[in-house]
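Right, one structure below, let's go through it.
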Amino acid sequence: MGKKMFAALLLIASSWYFTFAQESAVYTNEYADFQKALTLYNNQQYLASQSLFEHIQKTTENETVESDCAFYIANCAVRLNQQNADQLVEKFVEDYPTSTKRNSAFLDVADYYFLNGKYAYARKWYDKVDEDALGRTEREKFNFQNGYSAFATKQYTDAKNYLSRVENSQEYGSQAKYYIGFMAYESDDYEQANQYFDQVSDEEKYKEKLSYYQADLNFKLGNFEKAITLAKEQLPTSDANEVSELNKIIGESYFNLENYAEAIPFLTEYKGKKGKWNNTDYYQLGYAYYKQGDYEKAIGEFNKIVDGNNGVAQNAYYHLGESYVHLDKKQEALNAFRNASQMDFDLKIQEDAWLNYAKISYEIGNPYQSVPQVLTSYLDKYPKTEYRDEIETLLIDSYITSKNYGEAMKLLEGKKSFENKQAYQKVTFYRGLELYSEDKYQEAREMFTKSIKEPIDPVFVSRATYWKAETDYSLSNFEEALIGYKQFEQESTPTPEKVNLDYNLAYTYFKLKNYSKAAEYFNQFLSKNADDRVRRNDAYLRLGDAYFASSNYSAAVSAYEKAINIGEIDPDYAYFQIAMSNGFAGNNSKKNQQLETFIKNQKKSKFRDDALFELGNSYVKVGETSKAIQFYDQLISDYPTSAFVSNAMLRQGLVYYNQGTNSQALGKFKTVAEKYPNTADATQAVATARLIYVDEGRVDEYAAWVRTLDYVEVTDADLDNTTYESAEKQFLENKPEQAIKLFNSYLNQFPKGLHALQAHFYLAQLYFQKGLSETAAPHYEAVANVSQNEFTEEALTRLSQIYLEQKNWTQATPILERLEEEAQIPQNVVFAQSNLMKANYQLNQYNQAVSYAEKVLGNATIDNKIKSDAHVIIARSAIKTGDEAKAKQAYTEVEKVASGELKAEALYYNAYFK
């Protein structure tokens, strides 16, 4: 078609120039060359033609001829593909703007490039053409060829613009519709493509090509049945590449119509793009096999999808998993579902894959993470899933299987209702056992209680009852444990715990100190369980302990001997207890003999230190203290870390203390106090050491030592008491020198101490007894100067005596006045009054002297000596005051009762008054 059109163009051009040449020949001969050049041009002798036209252009004087030559020179340059062709055409247009060939030049060049398939060049020149200057026929041709050039250069917008102008053209319409349809096809506008293709489908020249495109676009429009029909019609006449593509169209159309059996043979015939299938191709064939139940082949195709990370790959992994499930290859299915669940292109498939991944993980386990983790992750991701109850049930079972009872508990108790009460009963029981094994007894007890409260399965009710009792026992709730064991005893359900019930009951009674019942159940256990030798051995030991605690020592010895005979448990404890039983039975010599044998034979026994301690104690009781000290020493030497060492040292100290060897005793007590601080033994050691220091009056040393013991809180009051006690002890034991020394030491340390009053008084008494009145006086004064106390009267009496002996009447008077006022003993009152009359007389206080003398005389119980002294004081005072009458009367009374010098004095004054 192109060549015919081009020939027509040349014919038109040739005719025009022929006419022009004839006309030119009429006017001038110079156009002969022009005619020759034109002939060469028409004969496609472009180089020769161009050369001749250039010659004519240079020689002509005719502007029209010159313009025409320039036109053909440029045309020849275009056809000769000369580098300056474009410039020549442009130059022609510039140089001859009024030339009638200006538009023809653009169009002619464009058509030339078009006919030679240089569509980009053609487009360049078509864009210069003035379309309005063209006739209808030329315009249609221009629009078609310009449109096709744009189509060929992928400039679809321009192509559609120009081609649509001639889609109704008789000459170019069919071609324009075809290309417009094709561009719509290429742009995925299948509706428009189908519309245009249908308009030219009956034309034979398009029919072959259109069948393929129509089949494809109908496929893409979802008209799968029509696509199948068209593709099948096209198959016999198509080349190999089209056959492959048509098979794909047919196979995929059947696939989309879910006619998988028909799809498979066509899909398998597809050769792929450039001979290579993509993941979608493998998926479709694999899915078709899957839907046909041919899972092996489906797996083969799905497994060819590699490095996929898109919706196709996700679907493939999902159906790969389904295929493996059908073939019972669950491990492979697990991996496939896992891959599908990790992609989020299709959220529904992802969720379903997650569900299958979780379920299969529960069934066969999971090598990537624990089954509970998988199930929990699913529930976390899909909290509102319709399968929540099912997955939670699986999760609970997986927790139970993996012994993660704590998490199972959380899940069960987090549910709004305990529909699965049997699971709850089971989980709480096993969680209780788990907590019990971790020594979390209180929490375990709560679990067993919860299990009992859901009495679905009688076996678990029974077992939980038993283990609750075990837990109570471990918590030392022995009364509760006993109740639990007794309840379990009534259960008829056979459980593995039944075999040791008597044994446990016996232990519980033992802890409750019901030794008779303990012995009963130990004997009951021993009568039934002949095979468990270790437990029988232990039962005999505890049976012996029950008898021992009940003071049935012969039965205890028998039980311990049976334990020794079984020989499953080290017999050292039994040997030790046999010796102790004999001791408590009164056979101390046998006890000591057996303990000494025990010490020799049981070198590695953990009770050997017990034996040494008991031997020491035993020999102390019978007075064999040297042997006792020997065994205590052996205990301390052989077992320096034994719990008995501190008490053994303390007992050694007590032995020495009782023997009066205080130095050795103090050494032991100090060792205990310093090596075992804050213990009862240390406290007793300090207390006994204090006694020694007090006995020996070494309280200062005691105080200095005890302050080095940071666990002993010794206050000033404690030291006050101890120091005073030491002095008082010497006083009471009639050791005046030591007493004086210690009382003075006490008062020096505690001048205002708790016992300062007593210390002053006893010290005053000691000095007074030694005749050291002046030394005693300050201490009596100290006693007298405090408020009324038990020593006040005696202190006032002694102090007044001291002042009277010193004739210190001034100091004696106030003391005597207090004594008169405060004394409770009548003799002391008389003593005060009689000495007050004398002191006042000596102080020339005659009226007071007479007053006190009269007080004395008013006491009917006084002896004659005091009476005569009183009358003398009255008489002498009266003489001093010039009251002779009173003096005469007083001396008369003196004469009656006095003797010696006083009587002589009375006789003298009586004679004087006569």
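Some observations on this one:
- Here the residues LEU347, LEU395, ranked from fewest to most Cβ neighbours within 10 Å of their Cβ, fall in the order LEU347, LEU395.
- If the Kirkwood radius is taken over C-alpha pairs of the chain, then at 4 °C and 1.567 mPa s the Stokes-Einstein diffusion coefficient equals 28 µm²/s.
- Neighbour counting of Cβ atoms within 10 Å sorts the residues THR428, THR376, THR679, fewest neighbours leading, into THR679, THR376, THR428.
- Normalising the average separation of contacting C-alpha pairs (under 8 angstrom, six or more residues apart) by the number of residues puts the relative contact order of the stretch 414-494 at 25 percent.
- Between ASN310 and GLU225, the distance separating the two model label sites (each 7 Å from Cα on the Cα→Cβ line) works out to 3.1 nm.
- Take the Cα of SER637, step 7 Å toward its Cβ, do the same at ASN565, and the gap between the two points is 3.9 nm.
- Cα-Cα separations in the stretch 414-494 greater than 14 Å, expressed as whole percent: 58 percent
- Dividing the mean sequence gap of close Cα pairs (under 8 Å, 6+ apart) by how many residues the chain holds gives a relative contact order of 2 percent.
- Evaluated at q = 0.16, 0.20, 0.21 Å⁻¹: base-10 log I(q)/I(0), Debye formula over Cα of the stretch 807-914: -0.67, -0.99, -1.06
- Of ASP130, ASP532, the sequence from fewest to most neighbouring Cβ atoms within 10 angstrom is ASP130, ASP532.
- Dimensionless Rg over Rh [the stretch 643-714; C-alpha; Kirkwood]: 0.94
- GluC sites (Glu not before Pro) within the stretch 179-275: DSSP coil, no more than 12 neighbouring Cβ in 10 Å: GLU258
- Those lysines that a straight Cα-Cα span of less than 23 Å connects to LYS348, excepting residues fewer than 8 apart in one chain: LYS291, LYS330, LYS359, LYS381, LYS384
- Subtracting the Cα-Cα distance of ASN477 and GLN373 from their residue separation scaled by 0.36 nm leaves 33.5 nm.
- Cβ-Cβ distance of THR64 and ASP86, R₀ of 35 Å, FRET efficiency by 1/(1 + (r/R0)^6): the value works out to about 0.90.
- Compactness of the stretch 640-782 - radius of gyration and Dmax, Cα, Å: 17.6, 61
- Evaluated with a Cβ-only charge set (Lys, Arg +1; Asp, Glu -1), the chain carries a dipole of roughly 3660 debye about its Cα centre, given to the nearest 20.
- Spatially near lysine pairs across the stretch 807-914, Cα under 13 Å, sequence gap of 8 or more or different chains: 11
- Relative contact order (%) - criterion: Cα under 8 Å, at least six apart; region: the stretch 643-714: 25 percent
- Annotation: average projected area of the stretch 749-840 is 5.8 square nanometres, based on the convex hull of Cα atoms across all directions.
Laboratory data are not the source of any read-out in this text; all were calculated from the coordinates shown. All values derive from a computational prediction rather than experimental measurement. Every residue, glycine among them, receives a Cβ derived from its backbone with ideal geometry; neighbour counts consider all protein chains shown.
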